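J.: The structure under discussion is supplied below as structure tokens; questions concerning it will follow.
The values are calculated or read from the model by the stated rules, or taken from the named source; none is laboratory data. Note that the structure is a prediction, hence the values are computed from the model and not measured. We place every Cβ from the backbone using ideal geometry, glycine too, and count neighbours over all the protein chains shown. Side chains are part of the model used for accessible areas, which takes the heavy atoms of the whole protein and leaves out ligands, DNA and RNA. Shrake-Rupley method; radii C 1.70, N 1.55, O 1.52, S 1.80 Å.
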Amino acid sequence: ELSSQKKFDEIKKANQAAAKKLVEDQFSSSSEDDDEDAEIKQGKILAKTFTIYTSQTDGDASELERTRQYMNEAFQSGAMTCLICIASVKRNQAVWSCCGCFCIFHLVCIQKWAKDSLFLVSSPLTDDDFGKKDYPWPCPKCRFEYKRSETPSRYYCYCGKVENPTLDPWLVPHSCGQICEREFKPSCGHKCLLLCHPGPCPPCPKMVTTTCHCKKAKPVPRRCSAKEWSCHLPCGRTLLCGQHTCENSCHAGDCQPCPRVSKQRCICGRQTAERLCASPQWQCDQVCGKPLPCGNHTCEQVCHAGPCGDCPRSGKRSCPCEKSKFTLPCTEDVPTCGDSCDKVLECGIHKCSQRCHRGPCEICRQEVEKQCRCGKHTRRMPCHKPYLCETKCTKIRDCQKHQCRRKCCSGNCPPCDQVCGRTLGCRNHKCPSGCHRGSCNPCPETVDVKCNCGKTVIKVPCGRERTIKPPKCKQLCSRPPTCHHSTQEKHYCHFGRCPPCRQSCQKTLTCGHLCPVSCHDEALVKQTGLHQSAGPWEQPSEPAFIQTALPCPPCEVPIPVECLGQHEVSPLPCHSANPYSCKRFCGRLLDCQNHTCMKECHHVTKLNSSADGKKVGPECSQCEEECTKSRPSGCPHRCVLPCHPGDCPSCLQMLKIKCHCKLSILYIECLKLTCADLKEKECLISCKNQCPKEV
């Protein structure tokens with residue numbers, strides 16, 4: 001149970017990972033990147049294959065288009081299709097290529113095809129005839145015939161040098177990577193310079209010195225594949241009529257018949273007519289009519305050349321039955337001999353029983369015992385009448401399906417005249433051939449596989465249109481955008497949904513700025529919480545992705561904003577661009593003009609519009625400190641007022657102080673004492689009494 005549960009969990013995780021990858025691939029362009037990498041790699045391989053050829057042509061690759069098409073099909077997944085089994089030809093499968101149409105088949109399929117074809121051709125033969133003739137087998141596509149000995153038995157590369165070529169990702173599939181060296185067709189003595197490749201070899205790129213068709217121009221160096229050239233001067237060769245010369249420009253092959261018209265006599269010379277100079281010999285429709293040597297008859301031949309010859313009635317002539325000969329004048333007819341005719345009648349068995357006579361013999365009227373054509377019945381009847389019975393043949397025809405059903409068949413039954421009608425391998429059409437044994441020929445139809453817009457088309461064998469990958473289209477996608485933009489991003493034609501729009505949103509936000517983020521009209525959002533578990537045994541499912549339009553995010557444009565206390569200006573995102581506290585002390589000078597507001601940066605209401613921005617407001621704190629201003633020198637008292645602006649009031653307190661003689665205590669105002677000079681201080685401190693000190 002534990003092992004089965006573990007296996008179940010592994011399979012579940014694999015399926016979930018595959019589903020997630022499918023969702024990601026559907027809405028991403030990673031597949032396009034992979035295709036671009038594959039195209040780059042394919043371009044490098046093609047360039048490597050064509051290097052030796054293009055080095056001979058100074059980089060000109062215009063003659064390689066047909067070969068390039070075959071090689072592109074070899075690279076494209078699913079492009080090469082075996083017409084026998086209607087399946088893709090893969091890189092690691094053994095193949096065989098037809099030398100006539102260069103179509104590629106699975107080696108196993110073509111071997112079975114050749115075996116079945118030889119069996120169908122040789123099946124009507126007897127054992128004695130079999131093996132006396134080397135019957136050919138045809139290519140399924142172009143019907144090019146191969147001998148029995150040419151039936152492929154081993155897997156070779158395209159050029160036929162290497163058996164079982166190894167699979168190399170940096171070579172053309174089924175190629176050995178060596179120089180092809182097949183002889184060009186038509187043969188010119190040179191060999192192909194490409195690396196081992198599918199399809200036909202390109203034209204020969206070698207340079208040869210050759211003259212024009214009429215041999216009048218000087219020899220010039222030209223490509224071997226285009227060594228036949230015309231100097232465009234008049235040909236000048238004498239035509240078959242012997243009177244005129246060819247006026248056409250320098251050309252290949254024999255000159256055309258003379259196009260001029262001239263008066264020419266017929267063979268007998270009686271009539272003259274205007275006729276083409278190229279056909280001087282012609283007959284009129286008059287009988288010759290010249291007297292023959294016998295003097296009694298005239299020539300009955302139509303317009304002829306030369307002498308008329310002897311009279312056909314002269315010399316020895318035979319009677320109608322050719323048993324007797326007579327020598328008579330040409331004016332007399334040969335009589336009948338009176339003997340029996342004895343000529344073999346049309347039946348080929350009996351002879352004519354009439355006397356020697358002119359004209360054809362009568363039909364055979366003898367009664368004979370005749371056997372019917374199938375040999376099952378006999379009847380006595382006139383020899384000239386055929387005898388066919390009503391028995392129908394029950395033999396099976398060569399298709400091995402239907403009976404002959406022909407009346408009185410001789411045993412050599414004709415081929416089946418019914419239509420095969422079996423469904424072909426393409427599953428779309430039925431076999432139009434006559435009823436036959438063995439496998440039906442591949443469907444000859446081709447189907448167009450189009451891209452989404454229909455401008456790029458490839459032809460594939462019928463039946464492969466359901467599995468073949470659509471062609472890559474280089475046209476831009478013409479679908480209307482599904483978001484709020486008027487035009488969508490440029491991308492190539494494709495199937496399925498368009499990729500998500502990556503343009504800037506540019507919607508106007510409530511603040512007046514434009515949304516700078518990528519378009520979010522079709523954002524992928526995980527859909528969770530919709531499925532309720534039936535119980536604790538049910539595993540939680542992966543969240544589904546849905547496309548939905550998301551609101552624009554908050555505006556992030558930096559806006560310069562001053563703090564509440566006007567200490568600094570900082571750039572803030574537009575969506576949060578409101579007055580803020582910079583966390584510093586307020587610092588405004590209070591009404592006492594001695595201290596500053598110690599509150600955290602806060603809003604200050606201006607009492608009037610003309611007031612200074614740094615002036616204290618009602619929101620600031622009130623100063624509750626004592627006056628700490630310095631007192632006049634000698635005043636030991638503090639200011640009796642709370643912290644205040646301006647100078648402190650005069651100190652009116654009384655100082656208790658002893659006089660000079662230390663005998664009396666005086667009370668003096670602090671202001672008077674602190675403001676007096678030395679003489680005045682001595683006077684104020686004196687008690688005015690007699691000094692008791694001794695001298």
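J.: Using the Cβ atoms and a cut-off under 10 Å, what net charge is assigned to the surroundings of M381, where Lys and Arg are +1 and Asp and Glu are -1?
T.: Taking every other residue near M381 into account, the sum is +2.
J.: Which peptide among 594-604, 578-588 comes first, and what is the full order, when sorted by highest mean count of other Cβ atoms within 10 Å?
T.: 594-604, 578-588
J.: Amide H neighbours of L590 under 5 Å, counting only residues 5+ apart in sequence or on other chains, H built in-plane at 1.01 Å?
T.: The list, which skips near neighbours in sequence, is H595, T596, C597.
J.: Oh, and also: Need the full-extension length gain, Q371 to M207, defined as separation in residues times 0.36 nm minus the C-alpha distance. One decimal, nm.
T.: Length gained, Q371 through M207: 51.4 nm.
J.: Any idea how far the Cα center of the stretch 301-347 sits from the one of the stretch 544-566, in Å?
T.: So the separation of the two Cα centres works out to 125 Å.
J.: Give me the accessible area per residue for the stretch 559-646, probe 1.4 Å, as a whole number in Å².
T.: Heavy-atom accessible area per residue stands at 66 Å².
J.: For the chain, take the longest principal axis of its alpha carbons; what is the angle in degrees between that and the long axis of helix 65-75, to the nearest 10 within 0 to 90?
T.: It is inclined by approximately 60 degrees.
J.: For the ranges 516-525, 550-559, what's the packing order if you count other beta-carbon atoms within 10 Å of each residue, average per peptide, and put the highest first?
T.: Highest mean packing first, the order is 516-525, 550-559.
J.: Can you match Cα extents along the principal axes in Å to one of these, (i) 115, 75, 50; (ii) 104, 78, 55; (iii) 226, 83, 52, based on a calculation from the structure here?
T.: Looking at Cα extents along the principal axes in Å for this model, the match is (iii).
J.: Please report the relative contact order for the stretch 398-479, taking Cα pairs under 8 Å with a sequence separation of at least 6, and give it as a percent rounded to a whole number.
T.: It comes to 21 percent, rounded to a whole number.
J.: Output wanted: per-residue J couplings in Hz (rounded whole) for the stretch 311-323, from phi through Karplus 6.51 cos²θ - 1.76 cosθ + 1.60, θ = phi - 60°, x for Gly and Pro.
T.: 5, x, 9, 8, x, 6, 10, 9, 6, x, 8, 6, 8
J.: With all protein chains present, how much of the accessible area of the chain (probe radius 1.4 Å) comes from carbon and sulfur, to the nearest whole percent?
T.: Carbon and sulfur together cover 52 percent of it.
J.: Taking only C-alpha pairs under 8 Å that are 6+ residues apart, what is the relative contact order of the chain in percent?
T.: 5
J.: Would you grab the residues whose amide H sits under 5 Å from the one on C294? Only those 5+ places off in sequence or on another chain, please, with H modelled 1.01 Å from N.
T.: C311
J.: Sum up the charges of everything whose Cβ sits under 12 Å from the Cβ of D398, counting Lys and Arg as +1 and Asp and Glu as -1, but leave D398 out.
T.: +3
J.: A further question follows. Taking Cα atoms, how many degrees apart are the long axis of helix 30-56 and the longest axis of the chain, rounded to 10 and kept between 0 and 90?
T.: Once rounded, one gets 50 degrees.
J.: Take the alpha carbon atoms of the stretch 242-291, find their center, do the same for the stretch 80-95, and report the distance between the two centers in whole angstrom.
T.: When both Cα centres are located, 60 Å separates them.
J.: Step through the residues of the stretch 196-211 one at a time and calculate ³J(HN,Hα) from phi using the Karplus curve (6.51 cos²θ - 1.76 cosθ + 1.60, θ = phi - 60°), rounding each to whole Hz and writing x for Gly and Pro.
T.: Each residue of the stretch 196-211 in turn: 2, 9, x, x, x, 6, x, x, 5, x, 5, 9, 10, 9, 8, 9 Hz.
J.: Which order do the peptides 171-178, 332-339 come out in when sorted by mean C-beta neighbours inside 10 angstrom, highest first?
T.: 171-178, 332-339
J.: While we're on this one: If amide hydrogens are placed 1.01 Å from N in the peptide plane, which non-local residues have theirs closer than 5 Å to the one on S314?
T.: Distant-sequence amide H within range of S314: zero hits.
J.: Let me ask something else. Hey, what number do you get for the chain at 222 nm if only DSSP H runs of n ≥ 4 count, each worth -39500 (n - 2.57), divided across all residues, to the nearest 500?
T.: -4500 deg cm²/dmol
J.: Moving on. Work out from phi, with θ = phi - 60° and the Karplus expression 6.51 cos²θ - 1.76 cosθ + 1.60, the ³J(HN,Hα) of each residue of the stretch 335-348, listed in order in whole Hz, and give x for Gly and Pro.
T.: x, 6, 8, x, 7, 5, 5, 6, 6, 5, 6, 5, 5, x
J.: Can you give the net charge of the other residues whose Cβ lies under 15 Å from the Cβ of H644, counting K and R as +1 and D and E as -1?
T.: -2
J.: At a threshold of 8 angstrom on Cα-Cα distance, excluding pairs fewer than six apart, so keeping six or more, what relative contact order does the stretch 559-646 reach in percent?
T.: 22
J.: Further question: Using Cα atoms only, what is the angle between the long axis of helix 107-122 and the major principal axis of the chain, expressed in degrees (0 to 90) to the nearest 10?
T.: Approximately 20 degrees, to the nearest ten.
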